[in-house]
Amino acid sequence: MPETITLTVNGAAVQVPSGVTVAVALTLLQEPCRVSVSGQPRGPFCAMGICYECRVTIDGIPSRLACQTLCAPGMEVRTHE
């Protein structure tokens, strides 16, 4: 079993395998990264940092790419902002 780490997603503590990206963590949680202006949920699309569909706020910094950011213990992730 891989080591797990704990981070916070929208105020809730969650455990994910060590070494995964924030996009993978959100996918495991079935949590969209953001909502489009028309109200449609958005998530990782290209997984290369080109499409910007996976923008989230990480540790208070907005518009971070979830597909390019590794999860870290204690990290705070906010979606839908």
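With an 8 Å cut-off on Cα pairs and a minimum separation of 6 or more residues, tell me the relative contact order of the chain in percent.
Result for the chain is 36 percent.
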Note to self: If I build a Gaussian network model for the chain, linking alpha-carbon pairs within less than 10 angstrom, which residue out of Ala13, Ala47, Ala25 has the largest mean-square fluctuation?
What the structure shows: Ala13
Notebook entry, point to check: Where in the stretch 36-62 does the amide nitrogen come within less than 11 Å of the point 7 Å from the Cα of Arg78, taken along Cα to Cβ?
Noted result: 57-62
Note to self: Quick check: pseudo-label points 7 Å beyond the Cα along Cα→Cβ at Thr8 and Ser36, how many nm apart are they?
What the structure shows: 3.2
Next item on the list: Starting from the exponent 0.38 and prefactor 2.2 Å, build the expected Rg for the stretch 10-80 from its residue count and divide its actual Cα Rg by it.
Entry: 1.00
Next item on the list: Report, in debye and to the nearest 20, how large the dipole of the chain comes out about its Cα centre when Lys and Arg carry +1 and Asp and Glu carry -1 on their Cβ.
Entry: 200
Next item on the list: At 1.4 Å probe size, with every protein chain present, just tell me what the per residue accessible area of the chain comes to in Å².
Entry: 61
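The values are calculated or read from the model by the stated rules, or taken from the named source; none is laboratory data. What you see is a predicted model, and the numbers here were worked out from it, not measured in a lab. In this analysis, Cβ positions are derived from the backbone assuming ideal geometry, glycine residues included, and neighbour counts consider all displayed protein chains. Just so you know, the surface numbers come from the protein's heavy atoms only, side chains and all, with ligands and any DNA or RNA stripped out. Shrake-Rupley method; radii C 1.70, N 1.55, O 1.52, S 1.80 Å.
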